[in-house]
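Everything below concerns the one structure shown next.
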Amino acid sequence: MSPRAAWRLESLGFQEVYDYEAGKSDWLAAGLPSEGAMARLPRAGDVARKDVPTCSLEDRLGDVREHAKKDGWEVCVVVNEERIVLGLMRAKELASDPNQTAEQAMRPGPSTFRPHVPIEEMAAFMVEHDLPSSPVTTSEGRLVGVLLREDAEREAHRLHEAMHAHHAEDERGG
């Protein structure tokens, strides 16, 4: 909330009022709840899979690959103890020398997206850039999950169909 709004709430007798200085964009980027018509639309953080395998820089690639494959994944996110994203390994990197560490095999500093990005925008970007998956993180870089292109495309299509059906219903007067 703005400082002005915080002061107004205090003048109305509210005692525990906080001024969120980072602003609305940061609030949304953290995947925190929002209100309004747009809040009901699916976003990257809503669709991202939270069960993605993670590993540390020191983990042996052979162990990481075995764990990822066992769970049906072709991607692993390299994180620190705070779940800050340090790197990404997709199928190509996971197929590397099993005696390497994750740090040696990973793609360092991968592009990430914030939880508030609309799913249609994510689907279009992932198709355009041929991304099979993408980490979704808070503005601090903390892992929220991994968005798979197939999930983004399916959800964007579902949303498009729902909006089209709603529009057709409005035209019929329903």
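Taking region 46-70 as the region of interest, how many residues are hydrophobic (A, V, I, L, M, F, W, C), in a loop (DSSP other than H, G, I, E, B) and surrounded by fewer than 21 Cβ atoms within 10 Å (Cβ to Cβ)?
Taking region 46-70 first, the residues hydrophobic (A, V, I, L, M, F, W, C) are 47-48, 52, 55, 57, 61, 64, 68.
With the extra rule that they be in a loop (DSSP other than H, G, I, E, B), the set shrinks to 48, 52, 57.
In the following step, the residues that additionally are surrounded by fewer than 21 Cβ atoms within 10 Å (Cβ to Cβ) were identified as 57.
Summing the residues that are hydrophobic (A, V, I, L, M, F, W, C), in a loop (DSSP other than H, G, I, E, B) and surrounded by fewer than 21 Cβ atoms within 10 Å (Cβ to Cβ) in region 46-70 gives 1.
Could you identify the single residue in Ala30, Ala5, Ala37 that is surrounded by 15 or more Cβ atoms within 10 Å (Cβ to Cβ), modelled with pLDDT under 85 and of a type outside the set (D, E, K, R)? Break it down into steps so the answer makes sense when it comes.
Values: Ala5 fails: surrounded by 15 or more Cβ atoms within 10 Å (Cβ to Cβ); Ala37 fails: surrounded by 15 or more Cβ atoms within 10 Å (Cβ to Cβ).
None of the others qualify; the one that does is Ala30.
Which condition number does Ser25 fail, the rest of (1) outside the structural domain of Leu143 (by TED's automatic domain parsing); (2) among the small types (Gly, Ala, Ser); (3) modelled with pLDDT of 95 or more being met?
So the condition that Ser25 fails would be (3).
Of all the residues that make up region 92-105, how many are free of Cβ contacts under 8 Å to residues at least 40 places away in the same chain and either on the phi > 0 side of the Ramachandran plot or surrounded by 13 or more Cβ atoms within 10 Å (Cβ to Cβ) (or both)? Spell out the reasoning first.
Filtering region 92-105 for residues free of Cβ contacts under 8 Å to residues at least 40 places away in the same chain gives 92-99.
Of the ones still in play, those that are also either on the phi > 0 side of the Ramachandran plot or surrounded by 13 or more Cβ atoms within 10 Å (Cβ to Cβ) (or both) are 93-96, 98.
Of the residues in region 92-105, 5 are free of Cβ contacts under 8 Å to residues at least 40 places away in the same chain and either on the phi > 0 side of the Ramachandran plot or surrounded by 13 or more Cβ atoms within 10 Å (Cβ to Cβ) (or both).
Only one of Leu94, Leu41 is aliphatic (A, V, I, L, M) and over 17 Å from Ala152 (Cα atoms); which? Let's see the steps before the verdict.
Numbers: Leu41 fails: over 17 Å from Ala152 (Cα atoms).
Step by step, each of Leu94, Leu41 is checked, and only Leu94 is aliphatic (A, V, I, L, M) and over 17 Å from Ala152 (Cα atoms).
Select, from Val77, Val117, the only residue that is touching a helix residue (DSSP H, G or I) at 6+ places or on another chain (Cβ under 9 Å), crowded, with 16+ Cβ neighbours inside 10 Å, in contact (Cβ under 8 Å) with a residue 60 or more places away in the chain and of a type in the set (A, V, I, L, M, F, W, C). Before the answer, list the steps.
Working: Val77 fails: touching a helix residue (DSSP H, G or I) at 6+ places or on another chain (Cβ under 9 Å).
Of Val77, Val117, the one residue that is touching a helix residue (DSSP H, G or I) at 6+ places or on another chain (Cβ under 9 Å), crowded, with 16+ Cβ neighbours inside 10 Å, in contact (Cβ under 8 Å) with a residue 60 or more places away in the chain and of a type in the set (A, V, I, L, M, F, W, C) is Val117.
Taking helices (runs of 4 or more DSSP H) that do not extend beyond region 71-165, which have at least 2 residues that are within 19 Å of the chain's Cα centre (by Cα) and within 13 Å of Ala48 (Cβ to Cβ)? Give the derivation first.
Working: elements: 91-94, 102-105, 119-128.
Because the criterion is at least 2 residues that are within 19 Å of the chain's Cα centre (by Cα) and within 13 Å of Ala48 (Cβ to Cβ), the helices (runs of 4 or more DSSP H) in region 71-165 that meet it are 119-128.
The values are calculated or read from the model by the stated rules, or taken from the named source; none is laboratory data. Everything numeric in this text was worked out from a predicted model, so none of it was measured. Note that we place each Cβ from the backbone using ideal geometry, even for glycine, and neighbour counts take in every protein chain shown.
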